[in-house]
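Participant: Handing you this structure, nothing more for now.
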Amino acid sequence: MPSFIRNPQDFWSGVIFLVLGLAAVIIGRDYAMGSAGRMGPAYFPTALGGLLAVIGAVSLVRSFIRHGEPIGKFSIKSLLLITVAVLLFGFLMRGAGLILAILVLVMISGYASIKFKALPFFAVAVGMAVFCALVFVVGLGLPMPMFGSWFQF
């Protein structure tokens, strides 16, 4: 890493945010923008991409000014566990329902942490499942089964 980069974490997160933000703005150019009153399909991705690019640019500039820690070791195990957890969530939503899918998601992705302890993570998983069921299914009325077809006899 070049010596003029004082904070590698800010540098690389800034690069990622900047690239993703600019990509959203560039892709959004192919769609109709609309106005604030009648938003087109490009309005939200362009606005969000622009904000993401600004955050990335600020982080990038900050990486040259402030000192920070070097980037740690890349953890393949954590990356795989989180990816599997998200894929399982998508697979389990229809058959098992929202409650079980969230429990599995939180427990498997929590196992990716070096601070994993089953009981506290299970408590968080139950809290998240109840919260999501109340907000999304009961409050917003989204058509998501709390308990899927696997549990309806």
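Participant: Consider Pro120 carefully, then state whether it is modelled with pLDDT under 95 and surrounded by 16 or more Cβ atoms within 10 Å (Cβ to Cβ).
Facilitator: Details: modelled with pLDDT under 95: yes; surrounded by 16 or more Cβ atoms within 10 Å (Cβ to Cβ): no.
Spelling it out, it is not the case that Pro120 is modelled with pLDDT under 95 and surrounded by 16 or more Cβ atoms within 10 Å (Cβ to Cβ).
Participant: Just to verify a result, which residue in the range 131-148, among those that are without any contact (Cβ under 8 Å) to a residue 40 or more places away in the chain and closer than 19 Å to Ala85 by Cβ, is nearest to the chain's Cα centre (by Cα)?
Facilitator: Looking only at the range 131-148, we keep the residues that are without any contact (Cβ under 8 Å) to a residue 40 or more places away in the chain, and these are 131-143.
Checking which are closer than 19 Å to Ala85 by Cβ leaves us with 131-133, 136.
On the way: Phe131: 18, Cys132: 16, Ala133: 19, Phe136: 18 Å.
In this case the residue turns out to be Cys132.
Participant: Among the residues of the range 48-70, are any in contact (Cβ under 8 Å) with a residue 60 or more places away in the chain and either among the small types (Gly, Ala, Ser) or within 30 Å of Gln152 (Cα to Cα) (or both)?
Facilitator: Looking through the range 48-70, at least one residue is in contact (Cβ under 8 Å) with a residue 60 or more places away in the chain and either among the small types (Gly, Ala, Ser) or within 30 Å of Gln152 (Cα to Cα) (or both).
Participant: Also, I was wondering about something else. Go through the range 1-52 and give me each residue that's over 28 Å from Arg66 (Cα atoms), assigned to a loop (DSSP other than H, G, I, E, B) and not aliphatic (A, V, I, L, M).
Facilitator: Arg29, Asp30, Tyr31, Ser35, Gly37, Arg38, Gly40, Pro41
Participant: In the range 102-123, how many residues are among the β-branched types (Val, Ile, Thr), more than 16 Å from the chain's Cα centre (by Cα) and closer than 16 Å to Phe89 by Cα? Spell out the reasoning first.
Facilitator: Filtering the range 102-123 for residues among the β-branched types (Val, Ile, Thr) gives 102, 104, 106, 108, 114.
Subset that is more than 16 Å from the chain's Cα centre (by Cα): 104, 114.
Those left that are additionally closer than 16 Å to Phe89 by Cα: 104.
Residues flagged as among the β-branched types (Val, Ile, Thr), more than 16 Å from the chain's Cα centre (by Cα) and closer than 16 Å to Phe89 by Cα within the range 102-123 amount to 1.
Participant: Separate question: Can you say whether Lys73 is in contact (Cβ under 8 Å) with a residue 24 or more places away in the chain and basic (Lys, Arg), as far as the supplied structure shows? Show your work before the answer.
Facilitator: Numbers: in contact (Cβ under 8 Å) with a residue 24 or more places away in the chain: no; basic (Lys, Arg): yes.
Answer is no for this residue.
Participant: Taking the range 52-70, which residues are touching a helix residue (DSSP H, G or I) at 6+ places or on another chain (Cβ under 7 Å) and surrounded by 13 or more Cβ atoms within 10 Å (Cβ to Cβ)?
Facilitator: Selection gives Leu52, Ala53, Ile55, Gly56, Ala57, Ser59, Leu60, Arg62, Ser63, Gly68.
Participant: Go through the residues of the range 17-38 one by one and say whether even a single one is exposed (fewer than 15 other Cβ atoms within 10 Å of the Cβ) and under 30 Å from Ala123 (Cβ atoms).
Facilitator: No: zero hits.
Participant: I'd like to know if the range 71-82 contains one or more residues that are touching a Gly at 6+ places or on another chain (Cβ under 9 Å) and exposed (fewer than 15 other Cβ atoms within 10 Å of the Cβ).
Facilitator: No: the range 71-82 contains no residue that is touching a Gly at 6+ places or on another chain (Cβ under 9 Å) and exposed (fewer than 15 other Cβ atoms within 10 Å of the Cβ).
The values are calculated or read from the model by the stated rules, or taken from the named source; none is laboratory data. What you are looking at is a predicted structure, and each value in this text was computed from that prediction instead of being measured. Cβ: placed from backbone, ideal geometry, glycine included. Neighbour counts: every protein chain shown.
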